[in-house]
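The values are calculated or read from the model by the stated rules, or taken from the named source; none is laboratory data. Just so it is clear, the structure is predicted and the values come from calculations on it, not from any experiment. Here the Cβ positions follow ideal geometry from the backbone for every residue, glycine too, while neighbour counts run over all protein chains shown. The accessibility values were calculated without ligands, DNA or RNA, using every heavy atom of the protein model including side chains. Shrake-Rupley method; radii C 1.70, N 1.55, O 1.52, S 1.80 Å.
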Amino acid sequence: MLEVRDLTVAYGKLVALRQVSLSLGAGELLGVVGPNGSGKSTLIRAITRLVRPLGGYIRLDGKELGSLSQRELARWAAVVPQRPYLPDVFTVLEVALMGRTPHLGLLQSEGRADLAAVRRALEQTDTWQLAGRRMGELSGGERQRVVVARALAQETPLLLLDEPTAHLDMGHQAAVLDLVRQLCRGEGKAGLAAIHDLSLASQYCDRLVMLNEGRIVGEGEPEEVLSPQLLASVYGTRVSVFSHPLTGRPVVTPMSGDSRAGLEARGSVGTFRS
Ligand code: ADP
Ligand code: MG
């Protein structure tokens, strides 16, 4: 469904992505992880054509991204941006309806099918009860869920999510990621989510790509990518990686200075050495 090959993107002299290649199939949820500034948002911006690559290409369903019209692209891929621009005076319903724009003809207004898609998206994100409220009156977490609803209302095969859980409490983090995973597994969508929380990404994603300074430094199942060695070298700090007792997926926590000292005192420094 999505193929990225040797993608290089720069902002002026700053090269934000270097020869990044990845592919994503229907039914799969891919997590893009990596430190701040490693290029996660830039990758999503490139796939939505907000930045133009210096080199490489992106194909959606075998078609070169540049050959698609804006409308075709919006029918293929919906995005939840990291910092969406949303005027405070818009109501929740109006924002969710924006997701239907690519499906409407010129000057055509929304029909029953559009309203049904919007209602479903608002219900799925637990925001239907907010439909009449203005965006300016919502909490950060509520706003975020409305932005997810807008993307779902777009009913696209590909979902691109940039830190979709960043402003959410644990309950809503789980709800949003459970929903995204269900949309992938159950409805055959392809999902690409930039998630800086490694443990969260590990629990929900089928596969991870780790970026560091614009390069892919790890790719595979969470157990393969989240090794203490790679994490220490990428994040510049020692970490502990545990296996989740139920899922077996890695859980990552930074090691405090105290616990590092304790390890050294016990002479077991090597365990987590990068
Ligand atoms: P991430 O999402 O992983 O935190 P970004 O993709 O936002 O990383 O940023 C990658 C790099 O590109 C960073 O060094 C950042 O400072 C730089 N960058 C991002 N957006 C812009 C921009 N609009 N103009 C110039 N540099 C940018
Ligand atoms: Mg980002």
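Data for the structure
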read-out	value
Charge dipole (the chain, unit charges on Cβ, about Cα centre) - positive-most of Ser227, Tyr11, Pro250	Tyr11
Residues with amide H under 5 Å from that of Val80, placed H, sequence gap 5 or more	Leu160, Leu161, Asp162
Highest average packing first - 141-148, 177-184, 57-64, 223-230, Cβ atoms within 10 Å	141-148, 177-184, 223-230, 57-64
Tilt relative to the chain, helix 140-153 - C-alpha long axis, 0 to 90 degrees, to 10	60
Overall Cα dimensions of the chain - principal axes, largest extent first, Å	70, 42, 34
Surface per residue (accessible, 1.4 Å probe) for region 156-216, Å²	34
Net lengthening on full extension, Arg5/Ser23 (0.36 nm per residue, minus Cα-Cα)	5.6 nm
For region 1-59 versus region 133-157, the gap between their alpha-carbon centres in whole angstrom	24
Residue-wise HN-Hα coupling along region 181-196, computed from phi with Karplus coefficients 6.51, -1.76, 1.60 (Hz; x: Gly, Pro)	5, 5, 5, 6, 5, x, 10, x, 6, 9, x, 10, 10, 7, 9, 7
Chain lengthening between Glu219 and Ser69 when straightened (0.36 nm per residue, less Cα-Cα)	50.9 nm
³J(HN,Hα) computed for each position of region 83-89 - Karplus, 6.51 cos²θ - 1.76 cosθ + 1.60, integer Hz, glycine/proline x	10, x, 8, 9, x, 4, 7
Ellipticity estimate at 222 nm from DSSP helix runs (n ≥ 4, -39,500 (n - 2.57)) divided over the chain, nearest 500	-10000 deg cm²/dmol
Cα-centred dipole magnitude for region 2-226, charges only on beta-carbon of K, R (+1) and D, E (-1), debye, nearest 20	720
3J(HN,Hα) from dihedral phi, region 47-53, Karplus parametrisation 6.51/-1.76/1.60, rounded to Hz, x for glycine, proline	5, 9, 6, 7, 10, 9, x
Sites Ser243 and Gln108 - FRET efficiency at Förster radius 41 Å, r taken between beta-carbons, to 0.05	0.20
Paramagnetic label zone (point 7 Å from Cα along Cα-to-C-beta, Glu137; backbone N under 15 Å) in region 55-97	88-95
Accessible-area composition of region 2-226, carbon plus sulfur, in percent [1.4 Å probe]	50
Alpha-carbon centroid distance for the pair region 74-105 / region 175-248, whole angstrom	27
Separation of the His196 and Asp169 label points, Cα + 7 Å toward Cβ, nm	2.2
Alpha carbon Rg of region 153-261, scaled by the compact-globule rule 2.2 N^0.38 Å	1.14
5 angstrom amide H check on Leu29, placed H, neighbours 5+ away	Gly191, Asp206, Arg207
Protection proxy ranking of 205-211, 251-257 - average other beta-carbon atoms within 10 Å, highest first	205-211, 251-257
